[in-house]
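Written below as structure tokens is the structure these notes are about.
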Amino acid sequence: MHYYFITGTSYGLGKALAEKLVQRSNVYVFGIARTCTISHKQYEHIHADLGEPSQLKLITELFKKAFQKEDQLYLINNAGIVDPIRYTGKFSPDEIQKLFQVNLLSVVQLTNAFLQIPVSSFARRVILNISSGAANKVSDGWALYGASKAGVDHFSLHVARELEIDQQAHTRIFSVAPGVVDTRMQQKIRETPIESFSTLNRFLDLDANKQLVPADQVAQKLLQITDAPELFAQTILSVRDF
């Protein structure tokens with residue numbers, strides 16, 4: 001059996017991934033989000049808010065399931081928030097804490113728990129973290145989001161190195177920038193006042209010129225990685241590269 005644990009399945013890229021996967025045989029998807037928008041016999045929803053650290057236990061308990069040695073396990077850390085987009089000095093403490101909890105700390109915590117699954121319990125294990133081009137670009141108003149995604153990339157690189165040293169060839173980790181995807185996050189960006197970041201017009205133009213990529217197309221590309229991780233040598237990737 002192929003077991004997928006996917007955060008942020010209410011809508012957007014996470015939902016597209018889950019909907020594609022449940023069409024396959026021998027697949028079971030655990031979707032993790034605050035709301036459930038998928039109904040399928042091969043899908044189980046876990047109601048959890050990744051912004052609340054105490055709720056992560058609802059997810060990590062899933063990793064204690066009695067897997068079989070022929071099972072293949074996948075953790076897709078997809079959930080993320082872009083708010084607040086504004087200049088540093090204008091954030092509330094709660095806003096800072098929530099963004100880093102969802103975008104970075106939950107990724108670290110879930111990956112840490114996922115790697116505690118005994119190596120005798122599966123045939124293959126893959127971690128796919130959804131990053132962003134903002135991880136290596138400097139944009140005014142994006143300090144929190146960019147820093148959180150840079151943290152995801154760097155954390156993934158460290159884990160990849162540890163897996164290599166530990167000779168865990170059956171476990172891979174990736175951090176992938178999905179590009180400009182037509183999701184609610186892009187809508188939130190477009191609704192942000194230009195006073196909060198000077199490059200707003202770029203995002204308005206992407207939408208106006210129909211340059212946003214549908215979530216299902218990006219999901220199909222991401223599944224190329226989970227389907228055949230051995231074909232991807234690098235830890236940090238962009239869907240634009242393949």
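Considered as a group, the residues in the range 1-16 that are within 11 Å of the chain's Cα centre (by Cα) and hydrophobic (A, V, I, L, M, F, W, C) include one that is surrounded by the fewest Cβ atoms within 10 Å (Cβ to Cβ), and that residue is F5.
Here N136 does not fit the description of being among the polar types (S, T, N, Q) and crowded, with 18+ Cβ neighbours inside 10 Å. The set of residues in the range 1-29 that are closer than 17 Å to P214 by Cα and in a loop (DSSP other than H, G, I, E, B) comprises G8, T9, S10, Y11. None of L62, L99 is part of a helix (DSSP H, G or I), touching a residue at least 24 places away in the same chain (Cβ under 8 Å) and out of contact with any strand residue (DSSP E or B) (no Cβ under 9 Å at 6 or more places or on another chain) except L99.
Candidates are the residues of the range 186-242 that are closer than 16 Å to K15 by Cβ and β-branched (V, I, T); the one that is nearest to the chain's Cα centre (by Cα) is V218. For the range 168-185, taking the residues that are modelled with pLDDT of 95 or more and over 16 Å from the mean Cα position of the chain (by Cα), the one that is surrounded by the most Cβ atoms within 10 Å (Cβ to Cβ) is identified as T171. Within the range 30-59, the residues that satisfy the criterion of being part of a loop (DSSP other than H, G, I, E, B) and either more than 16 Å from the chain's Cα centre (by Cα) or buried (at least 23 other Cβ atoms within 10 Å of the Cβ) (or both) are T35, C36, T37, I38, S39, H40, K41, Q42, L50, E52.
The values are calculated or read from the model by the stated rules, or taken from the named source; none is laboratory data. The structure presented is a predicted model; accordingly, all values stated were derived computationally and were not measured. Cβ sites come from the backbone with ideal geometry, for glycine too, and all protein chains shown count toward neighbours.
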